[in-house]
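The values are calculated or read from the model by the stated rules, or taken from the named source; none is laboratory data. Model, not experiment: these values are computed from the prediction. Counting neighbours? That spans all protein chains shown, and the Cβs are built from the backbone with ideal geometry, glycine included. For accessibility, only protein heavy atoms count, side chains too; no ligands or nucleic acids. Shrake-Rupley method; radii C 1.70, N 1.55, O 1.52, S 1.80 Å.
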Amino acid sequence: MAEYLKRGKPEAERAEDDAKTREVVEATLADIETRGDAAVRDLAAKFDDYTPESFRLSQQDIDALMAELTPRELDDIRFAQEQVRNFAQAQRDSMLDIEVETLPGVILGHRNIPVQSVGCYVPGGKFPMVASAHMSVATASVAGVPRIVACTPPWQGKPNPAVIAAMHLGGAHEIYVLGGIQAVGAMALGTESIEPIHMLVGPGNAFVAEAKRQLYGRVGIDLFAGPTETMVIADETVDAELCATDLLGQAEHGYNSPAVLVTNSRRLAEATMAEVDRILKILPTAETASVSWKDYGEVILCKDHDEMLAVANDIASEHVQVMTDRDDWYLENMTSYGALFLGPRTNVSNGDKVIGTNHTLPTKKAGRYTGGLWVGKFLKTHSYQRITTDEAAAMIGAYGSRLCMLEGFVGHAEQCNIRVRRYGGVNVPYGEAAPHRDAAG
């Protein structure tokens, strides 16, 4: 049985935190729905101390902000977006519209249609999340979404030039400098100045994640993306410095970001905990990372790789860094996670910022039933059918009639029967099932 050398905050305490968040979000969304722009402005003043004449940036505003960036910074943003677009386009190319003749005269098909409007939330209160704009805005653009709305909070009292540049270069049609619940609430519910969207995407803090959860149904969402989670699966093929660096690299995201080491080596486990303590003394973001590690960090010692796999699948972490003597075995057998990072040469930051895979990923065990954000999330697969011959209409109608009557749906059966009568020349009394030997047989 796996041994916990370090445990995080108990589940009961985490649930208590979630309950408090739910209450705040519910009241805030109700206020936005009732008072619209006035509520949004009050919330922006309260939480961000930011109340411009208009939260929406004009093209002149965008151009001025982008002019603050160096050519190198703009090139780096373009490079990252090119990687994201290339992979998203490859994914899009794999999704084909189809049309097949399943029986003589029976045509079935489906079309992949873009969601018509998407709201992309890009976090940026503590850290300006430039990369999140690539992941949501640029990917929606590849999918062909005709209206892309992007929101991000002010950073140090004003719009962050790099985030705004990434939104604009990614293909956003409307850019608002709004953060938190007020941003996702305004996009989903609509206000006097913001037309509501059909789908919300993008990561955020616990309040943003809860707002998306409560808005789901009124709008679509990509997934329930809570605080960043990371897991390192490691054996003695790697060292403690690498493991500790990868754990703290994600723990700095926030005060409630779980970071978990799963290993079959007691030596590596103990050395990694010591190395975490050493790095926290010199890490500039230690104020955040140390709290996250204290409350949500875990070190789990397993007897072998099979137990490591079982523990990892049960936790279903958002990011899983695999550094073992059998990385491909984990790729073949892992079933519940957000994204895998295989081998010591790669790392979660690659996925977060530049390599091309999407960094908006499932958290809180959602990896058991969904993958992360990708171009397919912005597409709706809609089916259609067509019958082109009288014989097919009568034959399918006869089967349909009998199956409807089997369930007691007389009105349904009559939809089929009228086709049997008209196209098959068979007289089916109203309220009865079509005979087995129909016009086709």
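Hand me the list of strands (runs of 3 or more DSSP E) wholly inside segment 294-383 holding 2 or more residues that are under 11 Å from residue 233 (Cβ atoms).
The qualifying strands (runs of 3 or more DSSP E) are 319-323, 339-342.
Residue-by-condition table, conditions (1) of a type outside the set (Ser, Thr, Tyr); (2) at pLDDT 95 or above; (3) surrounded by fewer than 17 Cβ atoms within 10 Å (Cβ to Cβ):
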position	(1), (2), (3)
249	yes, no, no
260	yes, yes, no
269	yes, yes, no
275	yes, yes, no
304	yes, yes, yes
312	yes, yes, no
315	yes, yes, no
321	yes, yes, no
331	yes, yes, yes
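In the list 190, 226, 204, 170, which residue meets the criterion of being within 29 Å of residue 366 (Cβ to Cβ), open to solvent by less than 30 Å² (accessible area, probe 1.4 Å), within 20 Å of the chain's Cα centre (by Cα) and modelled with pLDDT of 95 or more?
On the way: 190 fails: within 20 Å of the chain's Cα centre (by Cα); 226 fails: modelled with pLDDT of 95 or more; 204 fails: modelled with pLDDT of 95 or more.
So the residue among 190, 226, 204, 170 that is within 29 Å of residue 366 (Cβ to Cβ), open to solvent by less than 30 Å² (accessible area, probe 1.4 Å), within 20 Å of the chain's Cα centre (by Cα) and modelled with pLDDT of 95 or more is 170.
Quick one: residue 76 ticks every box in (1) open to solvent by 70 Å² or more (accessible area, probe 1.4 Å); (2) touching a helix residue (DSSP H, G or I) at 6+ places or on another chain (Cβ under 6 Å); (3) not β-branched (Val, Ile, Thr) except a single one, so which number is it?
So the condition that residue 76 fails would be (2).
Going by the conditions given, is residue 393 modelled with pLDDT under 95 and either of a type in the set (D, E, K, R) or farther than 30 Å from residue 145 by Cβ (or both)?
It is false that residue 393 is modelled with pLDDT under 95 and either of a type in the set (D, E, K, R) or farther than 30 Å from residue 145 by Cβ (or both).
Which members of segment 238-247 meet the condition of being buried (at least 24 other Cβ atoms within 10 Å of the Cβ) and touching a residue at least 60 places away in the same chain (Cβ under 8 Å)?
243, 246
Answer yes or no: is there a residue in segment 72-84 that is under 25 Å from the mean Cα position of the chain (by Cα), assigned to a helix (DSSP H, G or I) and of a type in the set (Gly, Ala, Ser).
For segment 72-84, residues under 25 Å from the mean Cα position of the chain (by Cα), assigned to a helix (DSSP H, G or I) and of a type in the set (Gly, Ala, Ser): present.
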